[in-house]
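Taken together, the values in this text are just the output of simple stated rules run on the coordinates, not laboratory data. Treat the numbers as computed from the prediction; the structure is a model and nothing was measured. Neighbour counts are summed over all protein chains in view; Cβ atoms, including those assigned to glycine, are modelled from backbone coordinates with ideal geometry.
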Amino acid sequence: MGTGYGAAGHPAGETGGSPQRPGHQLARPVLAFDLVSEVAQLFAEDSWQHGTRNAKTLVKEPDFRVVLVGLKRGTRIDRHRAPGRISIHTVAGRLRIDAGGTIIDLPLGHVLTLDADIPHDVESAENADSAFLLTIAWPRGHVTESNA
């Protein structure tokens, strides 16, 4: 991890925090998370209370991201493509993924992987709020908008 500062004025590899959540480390040789607590915090924040989804980046490296995403019941993230290989791991509720026309049911504890640039959408089940851990990996040397 470098010793410089990011564009937002906080040390590189850290978030600056907000009124909803304190700053935290995004890049370190070793990071550990309590996903039960992280999901509870995500579901308690104002962004969740007044919207249909909420997200928190847990890890942010030039070639790797881990993001916790919460979706209210029946909420859908419309078709999109990820620039890197991804995994979607359901940590609360149940998801339905449409990946290139293939429908995948993703209950609690299940993981789906998709290669880069596969069009997909994500939908939370109608009967429960859901949360998933999104992991995105790019080949080394790949430049993303946020690490250019």
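The table for this structure:
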{"read-out": "Distance (nanometres) between label positions extended 7 Å along Cα→Cβ at V36 and E126", "value": "3.1 nm"}
{"read-out": "Fully extended contour minus Cα-Cα distance, from A55 to H110, at 0.36 nm per residue", "value": "17.9 nm"}
{"read-out": "Which of P83, T102, S37, positive extreme of dipole for region 32-120 (C-beta unit charges)", "value": "T102"}
{"read-out": "Mean Cβ neighbour count within 10 Å, used as a protection proxy, ranking 82-91, 49-58, 109-118, 30-39 highest first", "value": "82-91, 49-58, 109-118, 30-39"}
{"read-out": "Gap separating the Cα centres of region 69-111 and region 118-139, nearest whole Å", "value": "3 Å"}
{"read-out": "Local electrostatic count at V67 - Lys and Arg +1, Asp and Glu -1, tallied over other residues with Cβ under 10 Å", "value": "+3"}
{"read-out": "Built amide H within the under 5 Å cut-off of R85, gap 5+", "value": "A116, A137"}
{"read-out": "Using θ = phi - 60° and Karplus 6.51 cos²θ - 1.76 cosθ + 1.60, couplings along region 45-60 (whole Hz; Gly, Pro as x)", "value": "6, 4, 4, 6, 4, 10, x, 10, 7, 8, 8, 9, 6, 8, 9, 9"}
